[in-house]
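Worksheet: the structure to be examined is printed underneath.
The values are calculated or read from the model by the stated rules, or taken from the named source; none is laboratory data. A quick note: this is a predicted structure, and the numbers were derived from the prediction, not measured. So basically every Cβ, Gly included, is an ideal-geometry build from the backbone, and we count neighbours across all protein chains shown. SASA here: full protein model, heavy atoms, side chains in, ligands and nucleic acids out. Shrake-Rupley method; radii C 1.70, N 1.55, O 1.52, S 1.80 Å.
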Amino acid sequence: MKCIYCGCEDSKVIDSRSADEGRTIRRRRECVKCGKRYTTYETIEDTPVLVVKNSGMRQAFDIRKVKNGIIKSCEKRPVSMSEIDEMATSVAKQVYNSMEQEISSKAIGEMVMTEIRKYDEVAYVRYASVYRSFKDISSFMEELQKLMDGKK
């Protein structure tokens, strides 16, 4: 780090502390040449992930949208907010760990359905009914049959 007072590139770290819920490290430094102290911050560089919609449009991945979809499907179900947070966090980790700069909304929807199914089957069917846009009762029944076959 270059000293902000004299421009010397040698400094020693006097104190390091975690900040911003562990996403940032605050370092107190002292210049070796002039002896003055200054503070630097080290943060994780976020690589933006774009979601490719069915229409071909692209927009930044937003975990809040995932969480809101999960909340709607789990409405009036015995699923706690901490479990909803766990599901949304798990999906976000999968998205970022894919190391892809672009991911389809379909892939994200499948990830969400996988997570919801672990917690509540009714919420899963609710999410699937919106996500898969069932055209008629027979396509809805096919999904229910898959769910029932998976339990056996």
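Go ahead and set up a Gaussian network model of the chain, Cα springs under 10 Å, then flag whichever of GLU115, GLU42, GLU86 fluctuates most. Fluctuation is largest for GLU42. Its alpha carbons give the stretch 1-74 an Rg and a Dmax of 20.7, 61 Å. Run through the DSSP bridge list for the chain and note the antiparallel percent, rounded to the nearest 5. About 85 percent, rounded to the nearest 5.
Restricting the calculation to Cα atoms, the chain shows an Rg/Rh of 1.23 when the hydrodynamic-style radius is the Kirkwood one. Computed over the stretch 11-152, relative contact order equals 17 percent, with contacts defined as Cα pairs under 8 Å that lie 6+ residues apart. Amide H contacts for SER11 (H built 1.01 Å from N in the peptide plane; partners 5 or more residues away or on another chain; cut-off under 5 Å): VAL32. Counting only heavy atoms of the protein chains and using a 1.4 Å probe, TYR131 has close to 60 Å² of accessible surface.
Extending 7 Å from Cα along the Cβ direction at GLU102 and again at ASP85 yields two label points whose distance is 3.5 nm. These residues, PHE61, PHE140, go from largest to smallest accessible area, 1.4 Å probe, as PHE140, PHE61. In the complete set of protein chains, residue-level accessible area for ASP149 is approximately 80 Å², probe 1.4 angstrom. Using 0.36 nm per residue and subtracting the Cα-Cα separation, the extra length available between LYS146 and GLU21 on full extension is 40.9 nm. Taking square-rooted eigenvalues a ≥ b ≥ c of the alpha carbon gyration tensor, is the stretch 45-106 rounded, prolate or oblate, where a/c under 1.5 means rounded and, failing that, a/b exceeding b/c means prolate? Oblate, because a/c is 1.5 or more while a/b does not exceed b/c. Comparing mean-square fluctuations of GLU102, GLU21, GLU142 from a GNM of the chain with C-alpha springs under 10 Å, the top value falls on GLU21.
Within the listed set ARG23, ARG126, ARG117, the residue fluctuating most in the Gaussian network model of the chain (springs between alpha-carbon atoms under 10 angstrom) is ARG23. With a cut-off of 11 Å between beta carbons, the residues surrounding VAL122 carry a summed charge of +1, where Lys and Arg count +1 and Asp and Glu -1. Pairs from the list LYS72/LYS146; LYS36/LYS93; LYS65/LYS146; LYS76/LYS146; LYS76/LYS106 with a Cα-Cα gap above 32 Å: LYS36/LYS93. Modelled label positions at VAL122 and ILE137, each set 7 Å beyond Cα in the direction of Cβ, lie 2.1 nm from each other.
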